[in-house]
1. Using just the C-alpha positions of region 268-406 as equal point scatterers, what log10 of I(q)/I(0) does the Debye formula give at each q in 0.19, 0.20 1/Å?
2. For region 108-121, take each phi angle, set θ = phi - 60°, evaluate the Karplus expression 6.51 cos²θ - 1.76 cosθ + 1.60, and give the result in whole Hz per residue in order, putting x for glycine and proline.
3. Between K296 and Y248, what is 0.36 nm times their sequence separation minus the Cα-Cα distance? Round to one decimal in nm.
4. Quick one: length gained pulling Q212 to D382 fully straight, 0.36 nm per residue minus the C-alpha distance?
5. Tell me, what HN-Hα J-couplings in whole Hz come from the Karplus equation 6.51 cos²θ - 1.76 cosθ + 1.60 at θ = phi - 60° for each residue of region 252-266, using x for Gly and Pro?
6. How long is the gain from E364 to I127 if the chain were fully straight, where each residue apart is worth 0.36 nm and the alpha carbon distance is subtracted?
7. Computed over the Cα atoms of region 125-259, what is the convex hull's projected area averaged over all directions, in nm²?
8. Give me Rg over Rh for region 119-171, both radii from the alpha carbons and Rh done the Kirkwood way, two decimal places.
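What follows is calculated from the coordinates using simple rules that are stated; it is not laboratory data. All values reported here derive from a predicted model rather than from experimental measurement. A quick note on method: Cβ atoms are made from the backbone with ideal geometry, for glycine too, and the neighbour counts reach across all protein chains shown.
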Amino acid sequence: MRQLVNKISLERNLINKQSTLIKNETINDSTQNFNYKAQFIKPWLSGVFLLVSSLILPSYLMAEEHASHEESKQGVAEEEHEPGLIELEEANESLYKIKVEKLQYKQVSKAITAPGEVVLNAYKTAIVALRIDGQVIKRLVKMGDSVVKGQPLAEISSIQMAEAQQAYIVDSKEWFRVKQLGKRVVSGKRFISAHSKWQSSLARLMALGLDQSQLTSLEKNQTPDGLFKAVSPIDGLVLSDDFIEGQYISAGGQLFVVSDEEKIWVEASVSPSQAALFMAGDLAKIEHAKEFHFGKIIQISHMVSESTRTQKIRIEIDNTKDDLHPGQFVTATLSQASKENKLAISENALVRTADGDWGVFVEEKPGHYKQYEVEVIRRQGDQMIIAGIEVGSLIVVEGAFYLSAELAKAGFDPHGH
């Protein structure tokens with residue numbers, strides 16, 4: 001058994017030695033083969049490297065040179081084309097009708113624009129109404145007619161008027177008789193009573209609507225027929241005559257509206273803070289149907305509307321041409337009478353910049369226009385109060401829109417051409 005174990009150990013050692021010898025021989029052969037192959041590979045690799053270098057290096061150098069040239073061109077272009085700068089030839093300037101004005105301080109007054117409505121001049125308007133019950137016998141004027149003060153407008157029949165006429169005739173005769181007899185014949189009490197009744201009857205007739213001419217006619221005819229005429233209390237135009245002949249109208253019923261429209265009112269609605277800026281005598285401009293009318297503020301209401309929370313500013317307008325009529329809606333521009341110096345330009349000079357801000361074009365030199373941002377303070381009628389630009393700058397006031405379009409078009413060209 002022991003001999004068998006020793007034999008197995010010898011055989012194992014022999015196998016290990018053979019394995020080691022074979023491994024060393026394999027490594028030596030591989031090293032020799034690598035060295036042998038490397039003698040042929042090294043020259044081939046050197047040739048390939050030289051070939052690739054000859055192809056790539058010129059292309060790289062050319063690309064560097066082209067990039068440098070492009071950067072140089074771009075730098076020149078940036079120097080030639082400043083941001084916001086437009087260059088126009090003389091022909092294009094004439095085509096776009098470019099017009100410039102020197103920016104200067106102007107005397108302007110603070111102004112606002114507000115909605116308004118044309119209303120009747122209440123101080124020159126009258127309603128012709130009956131003071132007693134009566135029936136319209138005849139219409140003497142119609143809507144749209146011009147009338148003068150005291151002119152008869154309609155003939156009315158009234159029982160109350162007939163009774164008052166009869167009482168006046170009796171009282172006037174009694175007073176005439178007593179007056180003829182004198183105080184020496186009649187008692188003082190009768191004299192005073194007759195005079196008092198006559199005055200009372202006269203006052204009643206006048207209060208019921210009888211004027212002096214009709215009273216004279218009554219005294220002459222001595223006929224209490226109950227007829228009288230409704231007359232116009234002012235000069236003006238008949239604006240309303242909402243009745244028909246034969247119609248019975250109660251006391252207080254309206255027959256006509258007469259108004260003098262040569263001086264008409266416009267009531268502008270403004271906020272309380274805006275109303276505080278103005279006073280009577282400040283100027284106003286009214287626009288309606290692209291026509292302008294000028295007037296003055298005459299009154300400012302001290303009451304704020306509960307529904308609109310606005311105050312009324314009353315403007316008196318010269319309407320001798322009869323262009324404005326009650327009920328028309330207008331635009332009112334209210335201006336303070338006092339003025340202040342501000343930088344003001346035409347609204348047409350303003351354009352929008354690429355950032356969405358307000359800007360103007362300034363003529364740097366003939367044919368060269370540059371855009372500058374400005375701050376718009378407020379609108380002043382057709383002028384805009386601005387800040388942020390030097391006094392004396394030559395502002396483009398006509399043709400700014402075309403310059404803005406040219407600038408926008410240039411922004412789409414990556415080369416700025």
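1. Cα-only, vacuum Debye calculation for region 268-406: -1.06, -1.11.
2. Residue by residue, region 108-121 yields 10, 10, 5, 9, 9, 10, 9, x, x, 9, 6, 10, 5, 6 Hz.
3. Contour length minus the Cα-Cα distance gives 12.9 nm.
4. Working: separation 170, 0.36 × 170 = 61.20 nm, distance 5.61 nm.
Extending this stretch completely gives an extra 55.6 nm.
5. Per-residue couplings from phi come out as x, x, 7, 9, 9, 10, 10, 9, 9, 8, 5, 10, 10, 10, 10 Hz.
6. Values: separation 237, 0.36 × 237 = 85.32 nm, distance 6.69 nm.
Separation in residues times 0.36 nm, less the Cα-Cα distance, equals 78.6 nm.
7. Values: hull surface 33.7 nm².
It is 8.4 nm².
8. Radius of gyration over Kirkwood radius for region 119-171 works out to 1.08.
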